[in-house]
Amino acid sequence: MAALRDLLPAAGADPSEVVDAFGAWAEATGRPLYAHQEDAILALAMGDHVVLATPTGSGKSLVAMAGIALALNAGRRAVWTAPIKALVAEKFFDLVDLLGADTVGLATGDASINPDAPVLVCTAEVLANHALAVGPASEFGFACLDEFHYYAEPVSYTHLRAHETEA
């Protein structure tokens, strides 16, 4: 099976061509799109913001991949965040396999690989710092905030407060 990057139309194509090519690739890899994925991908293609809250294993990452393909088609960068460095590294290698090493970069507080790549996988803090520094002028046309349930988890703050009072 060809890599996703080899099956997408040339940048600047009609977004419907990207959606069709992406759907064909997903089906060829044995992961035909569910109705909720098709709806979310079509919404992204129309420029809408999408929050996809579905169960584990329901294909949220596939929708994010379509968002990346649509951003690249539009000549915009894409960013995929994860809350911990291990998840950033895992997604980085997944995306390199799909899009090629020249297309994907990684940035955490400790490491940076190809940070100016069209697709950046990073911790949420890296994206937050970028947003604070650049604001609306950001070159990112798509952002996936993966594993969002980990962000600002109340148990973590409770645990921290308990240690602060002990000190």
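Readers should treat all values here as calculations from the given coordinates under stated rules, not as data from a laboratory. Treat the numbers as computed from the prediction; the structure is a model and nothing was measured. FYI the Cβ positions are ideal-geometry reconstructions off the backbone, even for glycines, and counts take in every protein chain you see.
For region 1-66 versus region 121-146, the spacing of their alpha-carbon centroids is 22 Å.
If the Kirkwood radius is taken over C-alpha pairs of the chain, then at 20 °C and 1.002 mPa s the Stokes-Einstein diffusion coefficient equals 127 µm²/s. Would you mind checking the tilt of helix 15-28 against the longest principal axis of the Cα atoms of the chain, expressed as 0 to 90 degrees and rounded to 10? With rounding to tens, the tilt is 80 degrees. Relative contact order of the chain, taken over Cα pairs closer than 8 Å and 6 or more residues apart, is 21 percent. Against the longest principal axis of the chain, how steep is helix 124-134, in degrees 0 to 90 to the nearest 10, with axes from Cα atoms? The answer is roughly 80 degrees.
Charge tally around residue 5: other residues with Cβ under 14 Å, Lys/Arg +1 each, Asp/Glu -1 each, net -4.
Whole-Hz Karplus values for region 98-108 come out as 7, 10, x, 5, 6, 9, 10, x, 9, 8, 10 Hz, taken residue by residue from phi with 6.51 cos²θ - 1.76 cosθ + 1.60 and θ = phi - 60°; glycine and proline positions read x. Considered as an equivalent ellipsoid built on the Cα gyration tensor, region 51-145 has semi-axes of 18, 15, 15 Å, the largest given first.
Relative to the current alpha-carbon distance between residue 11 and residue 85, full extension at 0.36 nm per residue lengthens the span by 23.6 nm. The order of the peptides 41-51, 100-110 by mean Cβ neighbours within 10 Å, most packed first, is 100-110, 41-51.
The packing ranking, built from the mean of other Cβ atoms within 10 Å per residue, places the peptides 111-120, 126-135 in the order 111-120, 126-135, highest first. Sequentially through region 50-59, phi angles give Karplus couplings (6.51, -1.76, 1.60; θ = phi - 60°) of 10, 10, 10, 10, 10, x, 3, x, 9, x Hz, Gly and Pro residues having no value and appearing as x.
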